[in-house]
Amino acid sequence: MKVLIVGSGGREHAIATSVAKSPRADKIYCAPGNAGIAQIAECVPIGAMEFDKIVAFSKEKAIDLVIVGMDDPLVGGLVDELEAAGIRAFGPKKNAAILEGSKAFSKDLMKKYNIPTAAYENFDDADKAIEYLKTKAEFPIVLKADGLALGKGVLICQNLEEALDGVKEIMQDKKFGTAGNRMVIEEFMTGREVSVLSFVDGNIVKIMSSAQDHKRAKDGDQGLNTGGMGNFSPSPFYTKEVDDFCQKHIFQPTVDAMKAEGRPFKGVIFFGLMLTPKGPKVLEYNARFGDPEAQVVLPRLKNDILDVMDACIDGTLDKLELRFEDNAAVCVVLASDGYPVKYEKGFPIKGLDAFDGKDDYFCFHAGTKFDESGRIVTNGGRVLGITATGRDLKEARKKAYEATEWVDFENKYMRHDIGKAIDEA
Ligand code: AMP
Ligand code: GLY
C-alpha cells in the first residue's frame, strides 16, 4: 500500500511510526511532515490545508490510503474532497468533524441525547454573554471559543472581572479569530481528567487504552493551557467502573447520536473526560488522535494500524479485536521556552542519535525541520515528544525522563511532573 499522512506534528510522527510497522505499507508519504517523519516517510512540501494539491498528489502517486491527522483539514472537509476524487481516506467527513469544529454543536448534541457534560449556554452576541455573566453566573466559570483554537480557546475565570475580560478576548478582540464568533459559557467541573481515544466505523466504537494529558504549561498545572506538555497511558484512574459507565452513557451514545443526526462518524473520536464527584462527564470531543496522546497510545497498539483503519472505513470494526500491550508509556514534551506565547526557534538539536535502535524509546518530532546546511533545528513551540514504554507507569516515567537528558537544544523547556499523579493512584 501507498499511504499519505497529512500533518506535521508529534501525532503524525507517531501515526507514521505505526504505519511503518505494517507489513502492508510499501511506501509512506507525509504532507508536509517534519525532520523526524522524514526518517521513515517521504515528506512532500504540501500544506495540510492545500486540499487541491493533496488530491492531485494522491492521484498522481496512486495513493491507496490518506490518513488525515490534524483537526483543521478534517473540519475543513479534506476527507470529503478526497472521497469525491475516488481516494480512500481515514477520518471523519466535514459534517461529522463538526463534533470537534464547533463546541456549541457538540454541547447541543450532548444535551439532546442526554450525554453527561457540564451545564452550559451558547452565545453569538457579546452583550448577551456579558448580561448572562452579570446576572446568572456562578464562579469559577468556563468560557470556550466555539471553533478550533489549537487547544487554547478555553478560559477558566475565577470572577466576573476575569470573565468580562474573557468575553472581550474571545468575542470582541477575536484573539482566536473566527473561532470566537460564538462562545460557550459552561459550568466549572472538578475532578481528574482522562483522555479516551477510540476508533469509530460509523456504527460502533472501540476504545483504545486510556491516557492522561497535562495541558498547562508549568509544573503543578500552573500557567497557560497548551496543546499538551506530556502524558501517560494507561490512566490508573480509568477503572472498570468508570469504563462501564462511559461505555453505556458516553461512547456508544455519541456515535449513535451522530448517526441519528445524519452525520455518521468514521475515524477517531477522542473523548476528553472529567471524572467528577457526580460521575464521568464529557469535557470535549476531538475528531482525531490527540497530540501527544497518540505518542503514548499508538506505541502500545498491537494490531496492524492499517487493518484497524480499513475496518473503520468499511464499517467492519465489530469483526476486529483491538489489542494493546500490557505495559505503560509516558511522554514528556520538550518545548521551546516561552511556549505557548512567544518563543525563538531555529536552534540545532543535539543527541537525536541516542534513540537509534532502541525499541522502548521514541523521539517523536513535533516542531523540527532541516536548516539550509541539513542540520535538524527547532521549528515550533512543542519540539519533541520523548516517549518511553515500561512494564508499568513508574518504570516508563523513569525511562522517559532519563531520555529527556539525551537531547539538547537552546531554549529547551519541559515540565518535571509529568505522571506525578501516578504516585497517588
Ligand atoms: P477543552 O479544550 O474543552 O478540553 O478544555 C481545555 C482544558 O480546560 C480541559 O482539559 C480542562 O482542564 C479545562 N476545562 C475545560 N472545560 C472545563 C470545565 N467545564 N470545568 C473545568 N475545567 C474545564
Ligand atoms: N492533547 C490534547 C489534544 O490533542 O487536543
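Nearest 500 deg cm²/dmol is fine: what mean residue ellipticity at 222 nm does the chain get from its DSSP H runs of n ≥ 4 alone, each adding -39,500 (n - 2.57), divided by its residue count?
So the calculated ellipticity at 222 nm is -7500 deg cm²/dmol.
Could you please report the charge total around K281, scoring K, R as +1 and D, E as -1 over all other residues with beta-carbon less than 11 angstrom from its beta-carbon?
Here the charged neighbours net out to -3.
Can you work out D for segment 349-425 in µm² s⁻¹ from Stokes-Einstein, where Rh is the Kirkwood radius over C-alpha pairs, the temperature is 20 °C and the viscosity is 1.002 mPa s?
The Stokes-Einstein estimate is 159 µm²/s.
Please give the peptides 373-380, 96-103 ranked by average Cβ packing (other Cβ atoms within 10 Å per residue), highest first, as a rough proxy for protection.
96-103, 373-380
Using 0.36 nm per residue, how much length does the chain from A84 to W406 gain when fully extended, once their Cα-Cα distance is taken away?
Here the answer is 111.3 nm.
Using the Cα gyration tensor of segment 332-381, with a ≥ b ≥ c the square roots of its eigenvalues, what is the shape: rounded (a/c below 1.5), prolate (a/b larger than b/c) or oblate (neither)?
oblate
Just the number, please: percent antiparallel of the DSSP beta bridges in the chain, rounded to the nearest 5.
The antiparallel fraction comes to roughly 80 percent.
Along the charge dipole of the chain, which of A425, T316, T276 sits closest to the positive end, that is, farthest toward it, with unit charges on the beta carbon of Lys, Arg, Asp and Glu (+1, +1, -1, -1)?
T316
Find out how many positive minus negative residues lie around G47, taking Lys and Arg as positive, Asp and Glu as negative, among other residues whose Cβ is under 12 Å from that of G47.
Around G47, the charge tally is -2.
Run the simple label-point estimate for V44 and K398 please: 7 Å along Cα→C-beta, distance reported in nm.
Label-label distance for V44 and K398, simple model: 4.6 nm.
Can you pick out the pairs among K59/K319; K266/K420; K128/K174; K240/K278 whose Cα atoms lie more than 23 Å from each other?
Exceeds cut-off: K59/K319; K266/K420.
Express the relative contact order of segment 150-205 as a whole percentage, based on alpha carbon pairs under 8 Å and six or more residues apart in sequence.
RCO, segment 150-205: 19 percent.
What order do you get for 241-254, 383-396 when each peptide is scored by the mean count of other beta carbon atoms within 10 Å, highest first?
Sorting 241-254, 383-396 by mean packing, highest first, produces 383-396, 241-254.
Which value, in Å³ per residue, describes the convex hull spanned by the Cα atoms of segment 262-349?
Spelled out: Cα convex hull of segment 262-349, divided by residues, is 219 Å³.
Residues with beta-carbon under 14 Å from that of K112, excluding K112: net charge, scoring Lys, Arg +1 and Asp, Glu -1?
Counting the neighbours of K112, the net charge comes to +1.
Only Lys, Arg, Asp and Glu count, each charged at its Cβ (+1, +1, -1, -1), so figure out the dipole size of the chain about its Cα centre, rounded to 20 debye.
For this selection, approximately 240 debye.
So what's the gap between the Cα centers of segment 128-147 and segment 364-425, to the nearest angstrom?
After rounding, the separation between the Cα centres reads 37 Å.
Which whole-number percent is the relative contact order of the chain (Cα, under 8 Å, 6+ apart)?
Relative CO of the chain lands at 16 percent.
When the Debye formula is applied to the Cα atoms of the chain, each taken as the same point scatterer, what base-10 log of I(q)/I(0) results at q = 0.08, 0.09, 0.14 Å⁻¹?
-0.41, -0.53, -1.38
For the cross-link pairs K175/K345; K248/K412; K144/K248, which exceed 32 Å when the distance is taken from alpha carbon to alpha carbon?
K248/K412
None of the figures in this text is laboratory data; all of them are computed from the coordinates on show. It should be emphasised that the depicted structure is a prediction, and the values quoted were computed from it without experimental measurement. Here Cβ is always computed from backbone atoms with ideal geometry, including for glycine, and neighbour counts include all displayed protein chains.
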